[in-house]
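Single-structure report; data block below.
The values are calculated or read from the model by the stated rules, or taken from the named source; none is laboratory data. The model shown is predicted, which means the values in this text are computed figures rather than measured ones. Backbone-built Cβ (ideal geometry, glycine too); neighbour counts: all protein chains shown. Calculation scope for accessible area: heavy atoms of the full protein, side chains included, ligands and nucleic acids excluded. Shrake-Rupley method; radii C 1.70, N 1.55, O 1.52, S 1.80 Å.
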Amino acid sequence: MPETQVGDISIYYEVKGSGYPLLMIMGLSFSLLDWGDVFLDELAKHYQVIVFDNRDSGRTKSQSTDNYTTADMANDAAGLLNALGIAQAHVLGLSMGGMIAQQFALKHASKLNKLILSCTMAGGDCSDFNPNNQGDLLDLLFPESYLAISNNREKAEDFFKKTSLYHSQPDGLSRLIQAHNTHDTCNLLQGIKVPTLIITGDSDFVIPPVNSNILNNKISDSELKIIKQAGHGFLYSHTAEFAKILIDFLS
């Protein structure tokens with residue numbers, strides 16, 4: 001299985017397709033399996049798609065039990081590119097992955113071509129986020145209107161039943177939550193100078209759309225796309241639309 005050592009982290013990764021590199025950073029607790037084959041296969045028609053498991057997630061192994069930050073996790077991502085011999089890439093971050101991607105843009109600008117921030121936020125005092133989001137995973141990811149459509153809930157349950165085996169375990173999850181909750185780029189976002197696409201769902205109540213407006217206002221060379229009737233899980237509910245928005249932007 002493809003793994004590479006970055007500091008004290010043994011990062012598990014996979015590469016699909018060919019073309020310009022696209023590094024994709026997943027969100028809190030999830031593994032690279034949660035991108036789903038349909039989404040990855042569509043992007044892999046156009047790009048060399050690099051996906052990996054963040055520290056304390058999936059099949060990535062860490063020798064440390066110390067707390068860390070989203071900036072540390074951005075260093076992991078940059079170290080993976082170095083290990084693969086990739087000098088520069090587009091970077092897509094989803095949810096907490098978008099927080100890591102912000103730090104990547106600030107700390108490793110020379111490695112970044114274009115940036116995509118999906119259903120994410122800046123953290124700190126300029127964000128609207130309820131840290132007590134709890135409940136059924138599907139109810140957090142999808143609007144009721146989506147789950148009410150025939151078979152949608154069943155298909156989502158089947159998907160996450162398979163991928164949840166690789167979600168973070170309690171001790172690692174607590175470290176990830178600490179990194180998530182201390183993320184704060186509010187006063188740093190003006191330092192992001194690359195073309196940036198910001199995407200949100202209009203019905204996302206995990207990280208509400210106002211957070212994408214804030215990112216759009218603070219990052220000078222950015223554009224905002226809003227997916228209608230979509231929640232935090234638009235990767236799954238609006239897969240084709242999400243992929244087309246990305247490809248159009250990167251092209």
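Side notes on the structure shown:
- Filter result (in a helix (DSSP H, G or I) and over 18 Å from the mean Cα position of the chain (by Cα)) within the range 177-198: Gln190, Gly191
- Boolean, Val206 is in a loop (DSSP other than H, G, I, E, B) and either of a type in the set (Asp, Glu) or under 17 Å from Met24 (Cα atoms) (or both): no
- In the range 227-234, the count of residues that are open to solvent by less than 30 Å² (accessible area, probe 1.4 Å), modelled with pLDDT of 95 or more and closer than 18 Å to Gly123 by Cα is one or more.
- In the range 132-161, the residues that are touching a residue at least 40 places away in the same chain (Cβ under 8 Å), closer than 28 Å to Ser62 by Cα and outside any helix (DSSP H, G or I): Asn133
- Residue in the range 125-166 that is surrounded by the most Cβ atoms within 10 Å (Cβ to Cβ), counting only those that are farther than 22 Å from Val38 by Cα and of a type in the set (Gly, Ala, Ser): Ser127
- When restricted to residues that are open to solvent by 10 Å² or more (accessible area, probe 1.4 Å) and touching a residue at least 40 places away in the same chain (Cβ under 8 Å), the range 188-204 contains 6.
- No other residue among Ser168, Ser174, Ser164 is at pLDDT 95 or above, within 19 Å of the chain's Cα centre (by Cα) and assigned to a loop (DSSP other than H, G, I, E, B) apart from Ser168.
- Residues in the range 169-179 that are open to solvent by 20 Å² or more (accessible area, probe 1.4 Å) and of a type outside the set (A, V, I, L, M): Gln169, Pro170, Asp171, Ser174, Arg175, Gln178.
- Residue in the range 8-22 that is of a type in the set (A, V, I, L, M, F, W, C) and within 14 Å of the chain's Cα centre (by Cα) present: yes
- Scanning the range 80-111 for residues that are open to solvent by less than 40 Å² (accessible area, probe 1.4 Å), polar (S, T, N, Q) and assigned to a helix (DSSP H, G or I) yields Gln102, Gln103.
- Of the criteria (1) open to solvent by less than 10 Å² (accessible area, probe 1.4 Å); (2) part of a strand (DSSP E or B), which one Lys114 fails: (1)
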